[in-house]
Amino acid sequence: MNKILAVSIGVVLLSVNLYAGENTTKSNWSAELRGGYQYGEIGANSGNEAGSSSSLKYESSTWNNIKFGTRISAVVGNGKEADVDIFMPFFDSKNNGYSIINELYLNWKFANSELTIGRQELDLPFVDSDDDYWGLVPNRYEAVLFTNKDIKDATVTLAHVRSWSGVDSPEPKRFNRINNNDGMQIAGIEYTGIENTTLKGFVYHAEDLVNIIYFQADFENETSLFKYSATAQYALQDYDAGSEANIFGAAIEIEPNGSNLALNVAYNKNTKNGIADVFYGAGPFVTSMEHHTISELEGKGSMLKTGISYDAKNILDGLGFEVNYAKLNRAAKQDAGGVNMKIGYDYSENLGFKIVYSYCNDDLNGDMKNLRTYAMYKF
């Protein structure tokens, strides 16, 4: 399959360059290097791993508003011990390095619409490539994505997602089928026509698996004393097997003017016995931590998260700190709690570093510690 993809890339590159005289934008190359180390403990077991990844991306010039893109990523390093479950592993399911063509797409812009077909990055609730925690190879999706902006202040999205790869997927080194051969179909709209407010509504259908309805409202403003933002969300996950998850969520963040300090509180509650799944990515829930989301409630219950973040640019430009604590209250009375501590430093637009420490105290799944460090360079 990789040989076929490589030949396809060569054919498309040649075809695009034949029409270079009609290009409206220039082609470009970009690359990225990442290095990472992590140590983990689960009960009496411990393990560590270190690795590095490289990726090379090419995006062609446009011809008649059509462009082609491809990206190849490779991971090498020293894998973890096989009997230790470290979250977000760097390597494949057998602790080996691998390479993958994780972007291969055609993009066409016409009127107020855009169509992207192939392996690509997506940023949708329950299907997202969110790279905030810096895995060595982020999530990518084989999909058909259509967006339209004919409605003033609104973006309409239609998508069919076939498979995915990356740090969250079952087997990172290949594209894993979503819902067997049926995939997932998505329709949604995002509206920004109300001052300081963004509204989102999405529906998802996965044949013989689940139907999802999702709504989100975001509001941000400021007074003479502080800036603030608030989020409200609702999700209904109706599984064909007969269970349901009915999830409410709310969050608020306040930053006193001139303090560079922000305080946040978030809450999610599942009122049904079905699992509140994040599905294919990090998920949209406001209480999500590095290792715990409301999926770990495994049914009815609630999750409360609170934290503080500090932009330390007065100490060193690009330096930031964040600490969050979360408590999971399960209906079965086997509760969990956890702390995340993050230090991030952006030396420049191209070079950054990150350290993440997590401790989870879990009556159901066992206690866990995890330390991860990353460096990333783009050029």
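The values are calculated or read from the model by the stated rules, or taken from the named source; none is laboratory data. These numbers were taken from a predicted model, which means no experiment stands behind them. As a convention, Cβ positions derive from the backbone with ideal geometry for all residues, glycine included, and neighbour counts pool all protein chains shown.
Restricting the first member to region 115-128 and to residues that are surrounded by 21 or more Cβ atoms within 10 Å (Cβ to Cβ), and the second to residues that are among the β-branched types (Val, Ile, Thr), the beta-carbon pairs closer than 6 Å and six or more apart or on different chains are Val127/Val161. Selection of region 305-321 for residues being hydrophobic (A, V, I, L, M, F, W, C) and farther than 12 Å from Gly344 by Cβ yields Ile308, Ile315.
Note on region 25-50: residues that are assigned to a strand (DSSP E or B), within 30 Å of His291 (Cα to Cα) and out of contact with any Pro (no Cβ under 9 Å at 6 or more places or on another chain) total 16.
Checking each residue in region 297-310 for being outside any loop (DSSP other than H, G, I, E, B) and either among the basic types (Lys, Arg) or crowded, with 17+ Cβ neighbours inside 10 Å (or both) picks out Leu297, Gly301, Ser302, Met303, Lys305, Gly307, Ser309.
When residues in region 216-247 are screened for being touching a residue at least 12 places away in the same chain (Cβ under 8 Å), more than 14 Å from Phe202 (Cα to Cα) and among the hydrophobic types (A, V, I, L, M, F, W, C), 7 of them pass. Kindly list, by first and then second residue, each pair from a residue in region 27-39 that is in contact (Cβ under 8 Å) with a residue 24 or more places away in the chain to a residue that is exposed (fewer than 13 other Cβ atoms within 10 Å of the Cβ), limited to pairs with Cβ atoms under 6 Å and residues at least 6 apart or on different chains. That search, which allows pairs on different chains as well, returns Ala31/Phe379.
Within region 149-167, restricting attention to residues that are within 16 Å of Gln120 (Cβ to Cβ) and not β-branched (Val, Ile, Thr), the residue that is surrounded by the most Cβ atoms within 10 Å (Cβ to Cβ) is Trp164.
Across region 204-224, the qualifying residues are those that are in a strand (DSSP E or B) and among the hydroxyl-bearing types (Ser, Thr, Tyr), and the one among them that is farthest from Gly283 (Cα to Cα) is Tyr204.
Residues of region 41-77 that are within 24 Å of the chain's Cα centre (by Cα), of a type outside the set (Gly, Ala, Ser) and closer than 15 Å to Gln120 by Cβ: Lys57, Tyr58, Glu59, Phe68, Thr70, Arg71, Ile72.
Criterion first (of a type in the set (Ser, Thr, Tyr), under 23 Å from Leu145 (Cα atoms) and not in a strand (DSSP E or B)) does Ser93 satisfy it? The answer is no for Ser93. Restricting region 42-78 to residues that are aromatic (Phe, Trp, Tyr) and at pLDDT 95 or above, the residue that is farthest from Leu371 (Cα to Cα) is Phe68. Reported count of residues in region 177-191, each being part of a strand (DSSP E or B) and without any contact (Cβ under 8 Å) to a residue 24 or more places away in the chain, is 1.
The residues of region 151-196 that are among the hydroxyl-bearing types (Ser, Thr, Tyr) and within 17 Å of the chain's Cα centre (by Cα), listed by number, are Ser163, Ser165, Ser169. Looking at Gly299, is it farther than 22 Å from Gly40 by Cβ, free of Cβ contacts under 8 Å to residues at least 60 places away in the same chain, among the small types (Gly, Ala, Ser) and out of contact with any helix residue (DSSP H, G or I) (no Cβ under 9 Å at 6 or more places or on another chain)? Judged against the criteria, Gly299 is a match. For Ser358, the stated conditions hold: it is surrounded by 16 or more Cβ atoms within 10 Å (Cβ to Cβ) and hydroxyl-bearing (Ser, Thr, Tyr). Pairs linking a residue in region 136-152 that is outside any loop (DSSP other than H, G, I, E, B) to a residue that is among the polar types (S, T, N, Q) and buried (at least 24 other Cβ atoms within 10 Å of the Cβ), with Cβ atoms under 6 Å and 6 or more positions apart or on different chains, are Arg140/Asn102; Arg140/Ser165.
The residues of region 192-203 that are touching a residue at least 24 places away in the same chain (Cβ under 8 Å), touching an Asp or Glu at 6+ places or on another chain (Cβ under 6 Å) and assigned to a strand (DSSP E or B) amount to a single one, Lys200.
One residue stands out among those in region 264-296 that are polar (S, T, N, Q) and surrounded by fewer than 20 Cβ atoms within 10 Å (Cβ to Cβ): the one that is nearest to the chain's Cα centre (by Cα), which is Ser295. When restricted to residues that are within 22 Å of Arg174 (Cβ to Cβ) and in a strand (DSSP E or B), region 111-122 contains 5. Looking at region 287-296, is at least one residue modelled with pLDDT of 95 or more and part of a strand (DSSP E or B)? Scanning region 287-296, I find no residue that is modelled with pLDDT of 95 or more and part of a strand (DSSP E or B), so the answer is no. Restricting the search to region 153-168, which residues are assigned to a loop (DSSP other than H, G, I, E, B), touching a Ser or Thr at 6+ places or on another chain (Cβ under 9 Å) and either small (Gly, Ala, Ser) or in contact (Cβ under 8 Å) with a residue 60 or more places away in the chain (or both)? Within region 153-168, just Gly166 meets the criteria.
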